[in-house]
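Colleague: Sharing a structure with you now.
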Amino acid sequence: MRATGATSASAAPCSTMPCLHGQGHAGRAAAYAVAACLALVTFLMVVSLDPGTQAASWFLSSSSSSPSSSSLQPSGGGGGGGHLLATSSSYSDGGDGGRNSTGKEVNEEVLFQQQGGDDLLSLINSSSGHGTPDLSVTPPPAAPAPAPEPAKESSNDATHVMPQVRRRDVKLERLELGLAKARSAIMEAIRNKDNRPPLIDKDYVPVGPVYRNAYAFHRSYREMENLFKIYVYEEGEPPVFHDGPCRSIYSTEGRFIYSMEMESRMCTRDPGLAHVFFLPFSVVKMVKMIYEPSSHDMGPLRRTISDYVGVLSTKYPYWNRSLGADHFMLSCHDWGPYVSSANGHLFANSIRVLCNANTSEGFNPSKDVSLPEINLRSDVVDKQVGGPSASHRPILAFFAGGNHGPVRPLLLEHWKGKDPDVQVSEYLPRGVSYTDMMRRSRFCLCPGGYEVASPRLAEAIYLECVPVVVDDGDYALPFGDVLNWAAFSVRVRVADIPRLKEILAAVSPRQYIRMQRRVRTVRRHFLVHGGAPRRYDVFHMILHSVWLRRLNVRVIAQG
């Protein structure tokens, strides 16, 4: 059992790895010198000659535009296509008046850089001519080191107090330098995608139009595998923490938490070596264990998260040094976005991995991650995968589901029982299989319900039915920074619901066959495996999305 404020060996997030709970900061070392000025000069010389510092400075100043500072402002929560380095401008102070949870003053710089390249991986958007904002977080200044005890010399009664010289956070500088090199490699891959042969990979080589840039994605994925390290906080007791549902409409939440805590390759027990920090709480379990049914009071859930972040920010230095920008949470429950607002930094700065990825409700694609909603009914996933070719799918379009939310009533009003080619119903007759109906349909309609996400998106991909997203663009599609959704799906605006048959019938048989083949190709990125996660599956794609957003953030060590 994990207890708040204490760690337990039996509850280790990565049980196969030794426990090395080190501090992220290298600490302070006393530099003894004859005079204070000599110590200061020596320290400055060491800083100026350090190759790591020079490399980091080169990366910081490589842009064509000079950095500009900005005061803390609320992060943009607008929509858009999720261009990571093209939409966000600054971090929010979370409504804390420029102070972190310890009450120390916070100083931030936002560095705007212009970089060239092709539009892919959401790193840049050259087609629109926008620059590439690069976000840097300067941690709050540390408290001065305590003065040492005076040392008396035997020759006289004089007392000498030696000056204190604080070491730089070497671990953090190395982390940021490694990220800078990875980012440079990815940008190079984006620029030279047409001049390089595919990378060699024993398992899978991404190719084809299902990707916005297959070569750059592959390079980014490989960089992630080689470098990315994640620390899972151990605080908190199951089931609210370190637990989650594994067989339900919210199964993505529980499966990820389980896989994250069993993952050994990208997990580290030393938080000083981590690029990101995972907050392993389950909103689904909170609703089950803490929420009073029909009370409409989310106060207990919000207080739980607020207290949890408070414990972490007091016990560890990592939350405060970045204002939560290198931390991430994950929730598939509809209330995930609202509960995350319990802490202003968590909502505005942290990476929120959410099924309810609604840009009109504060989801920010430049820093947040759209989580696929996958309804697993059993651990045998293979039985939920596969479907016939186009010639064995007599139904043009299909939907069955509850009549709730803003979109479904319109869909049912226009098409329920109206046309055998567009089979829309609220409930299926007894004995009719929902899965079989999807397998017999060429297009599967995926409107959101109470919220924008729908498990039908993943179900359609599993069953090789071309998904049709019915919305007005507020839903940030999963893995949209890598996947080219237009190549294997159809997106229809709510106003065009009456024209659904016309729109879908206009897709030629040849074009449909191509789209269905691409659905089959992209399916590997949505698969949940019964055992350990496999490369390029949904677990690793979620981590890759977090990796991309961490590349957007530079945490500057306080010198």
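The values are calculated or read from the model by the stated rules, or taken from the named source; none is laboratory data. Everything quoted here is computed from the prediction, not taken from an experiment. As a convention, Cβ positions derive from the backbone with ideal geometry for all residues, glycine included, and neighbour counts pool all protein chains shown.
Colleague: Kindly evaluate residue 287 against the criterion of being touching a helix residue (DSSP H, G or I) at 6+ places or on another chain (Cβ under 8 Å), assigned to a helix (DSSP H, G or I), in contact (Cβ under 8 Å) with a residue 60 or more places away in the chain and of a type in the set (Val, Ile, Thr). It would help to see each step written out before you state the result.
Modeller: On the way: touching a helix residue (DSSP H, G or I) at 6+ places or on another chain (Cβ under 8 Å): yes; assigned to a helix (DSSP H, G or I): yes; in contact (Cβ under 8 Å) with a residue 60 or more places away in the chain: no; of a type in the set (Val, Ile, Thr): yes.
No; evaluated as a whole, the condition is false for this residue.
Colleague: Let me ask something additional. Restricting to segment 392-416, count the residues that are more than 32 Å from the chain's Cα centre (by Cα) and part of a loop (DSSP other than H, G, I, E, B).
Modeller: Adding up the residues that qualify gives 2.
Colleague: Does segment 375-399 hold any residues that are surrounded by 20 or more Cβ atoms within 10 Å (Cβ to Cβ) and in contact with an Asp or Glu (Cβ under 8 Å, 6 or more places away or on another chain), and which are they?
Modeller: Keep residues of segment 375-399 that are surrounded by 20 or more Cβ atoms within 10 Å (Cβ to Cβ), which gives 376, 387, 393, 397-399.
Hits for segment 375-399 are 387, 397.
Colleague: Could you grab me the full set of residues in segment 370-391 that are free of Cβ contacts under 8 Å to residues at least 24 places away in the same chain and more than 32 Å from the chain's Cα centre (by Cα)?
Modeller: 391
Colleague: Among 507, 519, 452, 469, which is of a type outside the set (Ser, Thr, Tyr), part of a loop (DSSP other than H, G, I, E, B) and crowded, with 21+ Cβ neighbours inside 10 Å? Spell out how you get there, then give the answer.
Modeller: On the way: 507 fails: crowded, with 21+ Cβ neighbours inside 10 Å; 519 fails: part of a loop (DSSP other than H, G, I, E, B); 469 fails: part of a loop (DSSP other than H, G, I, E, B).
The conditions single out 452.
Colleague: Of the numbered conditions (1) at pLDDT 85 or above; (2) surrounded by fewer than 21 Cβ atoms within 10 Å (Cβ to Cβ); (3) small (Gly, Ala, Ser), residue 151 fails exactly one; give the number of that condition.
Modeller: Evaluating residue 151 over (1) at pLDDT 85 or above; (2) surrounded by fewer than 21 Cβ atoms within 10 Å (Cβ to Cβ); (3) small (Gly, Ala, Ser) leaves (1) as the failure.
Colleague: I've got another one for you. So how many residues does segment 188-217 have that are surrounded by 21 or more Cβ atoms within 10 Å (Cβ to Cβ) and within 27 Å of residue 274 (Cα to Cα)?
Modeller: 5
Colleague: When you check residue 347 against the structure, is it surrounded by 14 or more Cβ atoms within 10 Å (Cβ to Cβ) and part of a strand (DSSP E or B), yes or no? It would help to see each step written out before you state the result.
Modeller: On the way: surrounded by 14 or more Cβ atoms within 10 Å (Cβ to Cβ): yes; part of a strand (DSSP E or B): no.
In short, no.
Colleague: Ok, one more. Are any of the residues in segment 293-311 more than 16 Å from residue 236 (Cα to Cα), aliphatic (A, V, I, L, M), in contact with an Asp or Glu (Cβ under 8 Å, 6 or more places away or on another chain) and not in a strand (DSSP E or B)?
Modeller: The first filter runs over segment 293-311 and keeps only residues more than 16 Å from residue 236 (Cα to Cα), leaving 293-299.
When the remaining residues are screened for being aliphatic (A, V, I, L, M), the result is 298.
Still in the list and also in contact with an Asp or Glu (Cβ under 8 Å, 6 or more places away or on another chain): none.
No, the conditions are met nowhere in segment 293-311.
Colleague: Okay, next question. When segment 308-322 is examined, which residues are found to be more than 21 Å from the chain's Cα centre (by Cα) and among the charged types (D, E, K, R)? Before the answer, list the steps.
Modeller: We begin by selecting, within segment 308-322, every residue more than 21 Å from the chain's Cα centre (by Cα); these are 310-311, 314-317.
The one that is more than 21 Å from the chain's Cα centre (by Cα) and among the charged types (D, E, K, R): 315.
Colleague: Of the residues in segment 481-504, how many are surrounded by fewer than 20 Cβ atoms within 10 Å (Cβ to Cβ) and part of a loop (DSSP other than H, G, I, E, B)?
Modeller: The total comes to 2.
Colleague: Still on this structure: For segment 213-229, indicate whether the set of residues that are over 28 Å from residue 486 (Cα atoms) and assigned to a loop (DSSP other than H, G, I, E, B) is non-empty.
Modeller: yes
Colleague: Just give me the residues in segment 255-265 being surrounded by fewer than 20 Cβ atoms within 10 Å (Cβ to Cβ) and of a type in the set (A, V, I, L, M), in sequence order.
Modeller: Listed by number, the list holds a single entry, 262.
Colleague: Quick one: count up the residues across segment 274-316 that are touching a Lys or Arg at 6+ places or on another chain (Cβ under 7 Å) and either among the aliphatic types (A, V, I, L, M) or farther than 30 Å from residue 169 by Cα (or both). Walk me through how you get there before you give the answer.
Modeller: Residues of segment 274-316 touching a Lys or Arg at 6+ places or on another chain (Cβ under 7 Å): 274-276.
Filter once more, so that each one left must be either among the aliphatic types (A, V, I, L, M) or farther than 30 Å from residue 169 by Cα (or both): 274, 276.
Total meeting the criteria: 2.
Colleague: If you scan segment 522-559, which residues turn out to be of a type in the set (Val, Ile, Thr) and either closer than 30 Å to residue 176 by Cα or surrounded by fewer than 17 Cβ atoms within 10 Å (Cβ to Cβ) (or both)? Give the steps one after another, and end with the answer.
Modeller: Residues of segment 522-559 that are of a type in the set (Val, Ile, Thr), as a first pass: 522, 528, 538, 542, 546, 553, 555-556.
The answer is 538, 542, 546, 553, 555, 556.
Colleague: Only one of these is touching a residue at least 24 places away in the same chain (Cβ under 8 Å), charged (D, E, K, R) and not assigned by TED's automatic domain parsing to the domain that holds residue 247: 496, 471. Name it. Before you say what the answer is, go through the steps one by one.
Modeller: Working: 496 fails: touching a residue at least 24 places away in the same chain (Cβ under 8 Å).
It is 471.
Colleague: What are the residues in segment 407-438 that are basic (Lys, Arg) and crowded, with 19+ Cβ neighbours inside 10 Å, if any? Lay out the reasoning, then the answer.
Modeller: Residues of segment 407-438 that are basic (Lys, Arg), as a first pass: 408, 416, 418, 430.
The one that is basic (Lys, Arg) and crowded, with 19+ Cβ neighbours inside 10 Å: 408.
Colleague: Report yes if residue 522 is under 19 Å from residue 478 (Cβ atoms) and under 17 Å from the mean Cα position of the chain (by Cα), otherwise no.
Modeller: Details: under 19 Å from residue 478 (Cβ atoms): yes; under 17 Å from the mean Cα position of the chain (by Cα): no.
Spelling it out, it is not the case that residue 522 is under 19 Å from residue 478 (Cβ atoms) and under 17 Å from the mean Cα position of the chain (by Cα).
Colleague: What tally of residues in segment 358-389 results from selecting those that are in a loop (DSSP other than H, G, I, E, B), of a type outside the set (Lys, Arg) and closer than 30 Å to residue 552 by Cβ? Please lay out each step first, then the result.
Modeller: Looking only at segment 358-389, we keep the residues that are in a loop (DSSP other than H, G, I, E, B), and these are 362-368, 371-380, 385-389.
Keeping just the survivors that are of a type outside the set (Lys, Arg) gives 362-366, 368, 371-376, 378-380, 385-389.
Keeping just the survivors that are closer than 30 Å to residue 552 by Cβ gives 362-366, 368, 371-374.
Selection size over segment 358-389: 10.
Colleague: Out of the residues in segment 363-374 that are among the aliphatic types (A, V, I, L, M) and touching a strand residue (DSSP E or B) at 6+ places or on another chain (Cβ under 9 Å), state the one that is surrounded by the most Cβ atoms within 10 Å (Cβ to Cβ). Can you show your working first?
Modeller: To start, the set of residues in segment 363-374 that are among the aliphatic types (A, V, I, L, M) comprises 369, 371, 374.
Within this subset, residues satisfying the condition of being touching a strand residue (DSSP E or B) at 6+ places or on another chain (Cβ under 9 Å) are 369, 371.
Working: 369: 27, 371: 25.
Among residues in segment 363-374 that are among the aliphatic types (A, V, I, L, M) and touching a strand residue (DSSP E or B) at 6+ places or on another chain (Cβ under 9 Å), the one surrounded by the most Cβ atoms within 10 Å (Cβ to Cβ) is 369.
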